[in-house]
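Any read-out appearing in this document is the output of simple, stated calculations on the displayed coordinates, not a laboratory observation. Not measured: the values here are computed from a predicted model. Backbone-built Cβ (ideal geometry, glycine too); neighbour counts: all protein chains shown.
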Amino acid sequence: MTLDPAVEAPAPKQKARVKTPAARPARVVWRRRRGRPLLNLAAALIVTAAVLYAAFLPAGPLPALGPAFNPTTGAWTMAADAQVTDRTLRLPGLQQPVRVVLESNGTAHVVAQTDHDLFLATGYVHARFRLFQMDLMRRQGEGRLSEVFGKAALDTDRFELQLGLLRTAQLEWSQLPVGDPSHAALLAYAQGVNDRIAEAESTHQLDAMFTLVGYQPKQWTPIDTLVIKGDMTQTLSFDDTPILVALINKSLGADLTSEWFPVLPPNRQSPYDPGPYPKAATAPIETMRAVSDAEAQSAAAAYEVLESLPKGLLKTEGASNNWAVAPSKSTSGGALLAGDPHLDLTLPSIWFQLTQDSPNFHVAGVSIPGTPGVLIGHNQHIAWSLTDAMNQQTFFYLEKQDAAHPNQYFWNGAWQTYKKVEYDIPVAGGATQHLTVKLSVHGPVIADRGLTTSVWWGGNLPSQDLGVLLRVTQATDWKEFRDALRDWHSPTHNFVYSDDRGNIGLISAGYFPQIAKGRPGLPMAGTGESDVTGTIPYDAIPQSYDPPSGFLWSANQWQVTPDYPYYLGTANFYDPGYRANEIHRVLSAPGKLSAADMAALQTDTRDFLASEIVPVLLQSLSSDQLNPTESAARDMLASWDYRMEINSAAASVWWTFWQSYLGETFDPWWKSRAVKVKRADVNAMLGQDLEFWTLTDPVNRAFSAPGVGSRAASDAERTAFHKAVSTLRTSLGSSPRSWTWGRMHARELTNLALVSDLSYGPRAERGDGNTPLAAGGRISTAGPSWRMVVDWGAGTFQGIYPGGQSENPASGWYTNLVETWWDGRLDPMLSADQAAATSGVATWKLQQ
Amino acid sequence: MRLLVTIVTGLVVAIAGVLLGAWWTPFVIGVAFGLVVTRPVVSIGLGAAAGFLAWLLPLLGEEVRYGLGPTAASLAAIMGFGHEGAIPVVLTLLVGTLLGLTGAWLTCAARSLVPRKSG
């Protein structure tokens, strides 16, 4: 900036008059004298206005610089926020003093004298370390992201308000009896969060992201907590599979679609509940029918809506593991339990580790910030973990409408009027948007082009899951555990169980929708005959307790055999089952198992699919002409142990071959039939088909796509292998031994606010989408979000998650747990008393 | 002597204001310097210095108490400057300096339009 000369060197008027050349006309001199101060003032006004505007108001992506960067109350306060020391705090609402012990790694131990205080203090602790994350999660579910992030978030907000997490949460809260323990827990938790908000505002210690984005968090309510529960349900169970299948059906035809997207999985699975099953007369699932033009148009409209949503909002592919081992197979003589739920890996993590001690609760494990209970963990008698049960919880309906009946749909023999809900969506930097949501008996209308599509979703069933969870954390045996889960609705989970008396169990608790008739793998008629009529009786859902084998396991696979009488979903709702097969292979091997074996299995990198397919591929290549590079690649596969290790070049050959094989088999179909769905969206299902055909039906017509002539599996394998080697040579060089998996494959822990420089990685990583150590894709952003191993015989409890307890990137607890997790190690899960005896702890005394 | 008292008072008020959360105080002090100090070059310089110091000293206090390295690196990352922690520091001090400077400059520029009383 250059100051006006008149300001920099203001000359006395008299002096200026002397210096003025005598020949210069007097009028010009006068103008200059009058002009300079005016110019100076104009410049000062402009610059000052610019500075004040930038200081007081946000401009584009920039926050208001004054409040954002001033050293006392701005974003610099994250330095003070990062310090955690012994403190005594006054929290309004507490009934008795509460002690919070914070381990040197950030794990929190809340010790309260009343249950009310336990949940209040938990709310305070969550908000102290994760308030911005909690606010983001409630905003996501409540359709209020645009209010702070602008129009870029409008699609997400519109979708969430259509789907109705907020409506469901409001209904759940209104239906929750005042005397229910979870009612009191929700209120106390909200009080604790609000205590922290008030404290942070008064001490200018709000998370820096609030300052930088430029808003203040609103008061927390129980409904916010219930919305966050809805967020998780949506991520795990809202599935667009029927929409994809409808579009594929329109392009490929009903015949191929029926064969490639079957109801039962074509490949070998390892169900944990082999039966016998109760007899039941269930409605038969109709055969695949042709999709009409109008249906395809409405499916395309719904596909557009769902495809526009950010990654991770809806269910994609499942990936979680858990298992339990009975004392008869345990080296310690007690039951073992292991669990690692796989979710998007973010910084901060979805998890917050803590222990809760009060008169009625003694529980340790991980909680979701924004919710008051421990979701996965153990108490003094039992331990549990969960995986997604994967059954179909999303049903799409095509509503019958008529121009003569505006705003109505035909259902159960009569015209019904759509209910309407009106929303205003505030948009930062833009005009408030209005949204009208139409609701049929099935649920919200999500697309209105072609035929009107509404969606029935299990997550919209009001469900008092928090009360269930509180009863689970208090259970002392299998009966109490199982009874508590009776009321769990959504998302459906495989709850694995072990206890201190040596019992193990597994139950797929939740809502298993059944329909009267129809093909639920496609959008169905909304006229009533295909409605959801109820769920599988609780005693008939998949479950097992103390099986003769001495172990139980789940990894999103089919829980039952084809004899099971009830409808669970179609094969493509489920995981292909390779992780489950590998876990079953390890657990069923002779010999006893230890806690260390459990931890090793959690980081197992053996690709079960590779172990099936590579021998077949080698056989096919035995009669093929290979160049020296191809021969070297083949030889590496021949001596490979099927482990997707960073230093393994064979792993790269296998993975590239399998992608090439999928493309070689299916891409000609996709191209010739102009399929509108991305093949990658259905690779998991196509992979199961390809596995099955390769092993048992090598002349399946799928290998002879239009334009490629008559082929068998071995022909496609050879072509795919040549292409894979060529791809690797082009991308990684001419020496096959240098094609290590770590050069092709990495993992990233993504910053929740999408600040790439605050993410971790990408860093070379082992495993793939088929291995128990789940790491799908070239750069994996999802995987084991928490690992826990419990050994009741040895009395040891261990756990770890990738990330840290604090969302503050300047804190030592932002990524401090990552290295331990990455190395496959676990930290001891200490009790509050054990933690207090360790070094480096901070203790908070919370008082009224 | 009067000028010195004015300067010290202005600086103290600016720093105290920022410490109390009134981050815009340097602008007000800049205006005050523009009114009280007759030579524009001096008042503008004082305004800039007051803004600079009023934002620098609390920042130094934070550095001494907590260490600002990780915070500066995090802020740089959020702003899209990688982990160049110097950038948010410079930006912060620039904002403080500009607040004081513009307050004084605007006042001086306005004053220059007002005719001086003769005699």
For a quick protection proxy, order the peptides A:116-128, A:644-656 by their average other-Cβ count within 10 Å, most packed first. A:116-128, A:644-656
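Taking a ≥ b ≥ c as the square roots of the eigenvalues of the Cα gyration tensor of the range A:30-187, is the shape rounded (a/c under 1.5), prolate (a/b larger than b/c) or oblate? Present the calculation step by step, with values, prior to reporting the outcome.
On the way: a/c = 3.66, a/b = 1.82, b/c = 2.01.
Note, shape of the range A:30-187 comes out oblate.
Assuming R0 = 60 Å, can you tell me the calculated FRET efficiency for the pair A:Ser738 and A:Lys420, based on Cβ-Cβ distance, to the nearest 0.05?
Values: r = 62 Å, r/R0 = 1.04.
So the FRET efficiency works out to roughly 0.45.
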Let me confirm one metric for peptide A:745-756, namely the mean number of other chain beta-carbon atoms within 10 Å of its residues' beta-carbons. 1
Partner lysines for A:Lys329 [C-alpha distance under 28 Å; skip if fewer than 8 residues away on the same chain]: A:Lys479, A:Lys592
Can you spot the lysines whose alpha carbon is less than 18 Å from A:Lys315's alpha carbon? Ignore those fewer than 8 places along the same chain. A:Lys229, A:Lys678
How many nm separate the modelled label positions at A:Ala540 and A:Ile285, each set 7 Å beyond the Cα in the direction of the Cβ? 1.6 nm
Quickly work out the A:Ser622-to-B:Glu84 label distance, labels modelled 7 Å from Cα along the C-beta direction, and quote it in nm with one decimal. 6.2 nm
For peptide A:74-85, the mean count of other chain Cβ atoms within 10 Å per residue Cβ is 5
Over all distinct alpha-carbon pairs, what is the Kirkwood Rh of the range A:608-744 in angstrom? 15.2 Å
For the peptides A:414-427, B:28-41, A:383-396, what is the packing order when you average, over each peptide's residues, the other Cβ atoms within 10 Å and list the highest mean first? A:383-396, B:28-41, A:414-427
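For A:Arg825 and A:Ala294, what is the calculated FRET efficiency with R₀ set at 60 Å and r taken between the beta-carbons, to the nearest 0.05? Don't skip to the answer; put the middle values down first.
Details: r = 56 Å, r/R0 = 0.94.
After rounding to 0.05, the efficiency reads 0.60.
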log10 I(q)/I(0), Debye, Cα-only the range A:523-676, no solvent, q = 0.12, 0.13, 0.16, 0.19 Å⁻¹? -0.81, -0.90, -1.11, -1.26
Evaluated over the protein assembly as shown, the Cα radius of gyration and Dmax, each in Å: 33.0, 117
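Which of the trypsin sites (Lys or Arg not before Pro) found in the range A:223-291 are loop residues per DSSP with 16 or fewer other Cβ atoms within 10 Å of their Cβ? Don't skip to the answer; put the middle values down first.
Numbers: sites: A:Lys229, A:Lys250, A:Arg268, A:Lys279, A:Arg289; in loops: A:Arg268, A:Lys279, A:Arg289.
Here the trypsin sites (Lys or Arg not before Pro) that fit, given the DSSP loop and packing criteria, are A:Arg268, A:Lys279, A:Arg289.
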Which lysines, on any chain, are close to A:Lys400 with Cα under 23 Å apart, when same-chain ones fewer than 8 places away are left out? A:Lys250, A:Lys419, A:Lys420, A:Lys438, A:Lys517
Enter the mean number of other protein chain beta carbons within 10 Å of the beta carbon of each residue in B:19-31, as an integer. 3
Taking the convex hull of the Cα atoms, report for the range A:578-626 its projected area averaged over all directions, in nm². 4.5 nm²
Subtracting the Cα-Cα distance of A:Ala403 and A:Arg701 from 0.36 nm times their residue separation yields 102.8 nm
Run the quick spin-label model on A:Leu435 and A:Glu304: label points 7 Å from Cα toward the beta carbon, then report their separation in nm to one decimal. 1.8 nm
